[in-house]
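Asks: The structure is given below, and queries will be raised subsequently.
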């Protein structure tokens, strides 16, 4: 990425020196002598970094910086500390007969400092871009929720976003609980702060404890240095604890203290660390039953259940299926570099007649496979490989087709679509190549099938 550097220096020799010194570093150098020229250049070129000369030390530089930031609010400003010695060296060099060399000074440090500052600026801009993109994606108007049941969910979200109350999201796997969690965060008071998520079933108990609360150096065999946990990293923001119902009882006790007191200790440490991290938890389990069975702490359950929100399964709000499918087509077109325009009428019918046991996650996977399989502008019914027997088939059709025969036909279609490239077919079906080979052998599929 090319950056624009605005060099402001009244002294002509110094200005020429720095122009020459910074040449060849990949910067676009705009060199000017004074305030008015600097403002005109900034208006026209939107510089990333301003290199101020000695005449802009102190108040003059601060005043100019305020004016320049009207054009670019995250502009970086640098003032070389050795400008006066540079001027002295240049003047001395100018009095020597026949000399045309630059003064004997090190400019590498200045180049490194400029590059480091611009690198940090790029990183900050990327973070800002991603944050703004996330905030935009999860604004209410961008969340697909046209059905009455999902409107109830969004109403609940709107009621809790202006508080820091703990939220408990309840519902089956794949219903979009993380999307709702992000809607709570990005429409709320902490929207400019971090949103972090962890699946409580993804890590073994000891690793999950370190992931959540961090560890001190030497706390265990591989703990070579101090590590901050997610509660610390998310301080000021939100931590989403997915599948909280599967959390081990030992970690439930430690989590309870964080919820109640907002304090904890790192693994292997004694220091009490205080954080201001909002908790949004989610589960597909019946927590009341887990409490009665002794698998989940009752006190933690009631602490988490300050503001419960039930996210219904997709089969209970089928009015959203087509809107969600079209949303995924737009999203996946960008990710997969395709230009699918939409779904045919028969494809839409097939989607709405299916029962979606895997909920929204399954719908997205089906649309992704369909986009890869699709050879035209529209996704057709045959492009939709549904995971289970669709309930729109009558009993005789289900009996004659059978799950095994349907699976066999899906395998053949995927192989034909990819011209029998097994690696690509496995990718379409979202299984490993080894699993595909086993199924080909199981169903005795060959190229003549």
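FYI, it's all coordinate maths here, none of it is from the lab. Worth saying up front: this structure is predicted, and the values here are computed from it rather than measured. Cβ coordinates were reconstructed from backbone atoms using ideal geometry, including for glycine residues, and neighbour counts include every protein chain displayed.
Asks: With the chain treated as a Gaussian network of Cα nodes joined by springs under 10 Å, which of 51, 195, 328 yields the largest mean-square fluctuation?
Replies: 51
Asks: As I understand it, the value is the acute angle between the Cα axis of helix 321-336 and the longest principal axis of the Cα atoms of the chain; what does it come to in degrees, rounded to 10?
Replies: Once rounded, the angle reads 40 degrees.
Asks: Here's a follow-up. Connecting C-alpha atoms closer than 10 Å in a GNM of the chain, tell me which of 35, 257, 278 has the biggest fluctuation.
Replies: Of 35, 257, 278, the most mobile in the Gaussian network model is 35.
Asks: What is the fewest-to-most order of 173, 283 by other Cβ atoms lying within 10 Å of their Cβ?
Replies: Lowest count first: 173, 283.
Asks: Using the beta-carbon distance between residue 272 and residue 226 and R0 = 25 Å, what value does 1/(1 + (r/R0)^6) give for FRET efficiency, to the nearest 0.05?
Replies: Approximately 0.95, to the nearest 0.05.
Asks: Using r as the Cβ-Cβ distance of residue 423 and residue 265, and R0 as 51 Å, what FRET efficiency do you calculate, to the nearest 0.05?
Replies: For R0 = 51 Å, the calculated efficiency reads 0.60.
Asks: So, one more: Which of 172, 209, 293 ends up with the largest GNM mean-square fluctuation for the chain, with Cα atoms connected below 10 Å?
Replies: Largest GNM mean-square fluctuation: 293.
Asks: Return one number: the angle in degrees, 0 to 90 and rounded to the nearest 10, between the long axis of the Cα atoms of helix 12-22 and the longest principal axis of the Cα atoms of the chain.
Replies: In the chain, helix 12-22 runs at an angle near 40 degrees to the longest axis.
Asks: A further question on this structure: Could you tell me which of rounded, prolate or oblate describes the stretch 216-335, using a ≥ b ≥ c as the square roots of the eigenvalues of the alpha-carbon gyration tensor, with rounded for a/c under 1.5 and, failing that, prolate when a/b is larger than b/c and oblate otherwise?
Replies: Because a/c hits 1.5 or more and a/b fails to exceed b/c, the stretch 216-335 counts as oblate.
Asks: If contacts are Cα pairs under 8 angstrom and at least 6 residues apart, what is the relative contact order of the chain in percent?
Replies: The normalised contact order for the chain reaches 11 percent.
Asks: When the chain is fully extended, how far beyond the present Cα-Cα distance does residue 179 get from residue 407, taking 0.36 nm per residue of separation?
Replies: 79.0 nm
Asks: Right, here's the next one. Quick one: if you stick a label point 7 Å off each Cα along the C-beta vector at residue 361 and residue 250, how many nm between them?
Replies: Label at residue 361, label at residue 250, 2.7 nm between them.
Asks: Calculate how many DSSP beta bridges within the chain are antiparallel, expressed in % of all such bridges and rounded to the nearest 5.
Replies: Just about 10 percent of them are antiparallel.
Asks: At 7 Å along Cα-to-Cβ for each site, give me the label-to-label distance between residue 199 and residue 71 in nm.
Replies: Distance between the two pseudo-spin positions: 4.9 nm.
Asks: Still on this structure, I have one more. Measure of size requested: the Rg and Dmax of the stretch 139-312, with Cα atoms as the atom set and Å as the unit; please supply both.
Replies: Rg then Dmax for the stretch 139-312, in Å: 16.3, 54.
Asks: Using a basic spin-label model with each label point 7 Å from the Cα along Cα→Cβ, how many nm lie between residue 292 and residue 333?
Replies: Each label point lies 7 Å from its Cα, and together they span 5.0 nm.
Asks: Here is a further query. Can you give the direction-averaged projected area of the convex hull of the alpha-carbon atoms in the chain, in nm²?
Replies: If you wrap the Cα atoms of the chain in a convex hull and average its projections, you get 33.0 nm².
Asks: How many times 2.2 N^0.38 Å is the alpha carbon radius of gyration of the stretch 136-217?
Replies: With N residues counted in the stretch 136-217, Rg over 2.2 N^0.38 Å equals 1.28.
Asks: What do you get for the angle between helix 359-373 and the principal long axis of the chain? Use alpha-carbon atoms, 0 to 90 degrees, nearest ten.
Replies: The angle comes out near 80 degrees.
Asks: Measuring from a point 7 Å past the Cα of residue 315 along Cα-to-C-beta, which residues in the stretch 158-192 have an amide N at less than 20 Å?
Replies: Those under the cut-off are 170-177.
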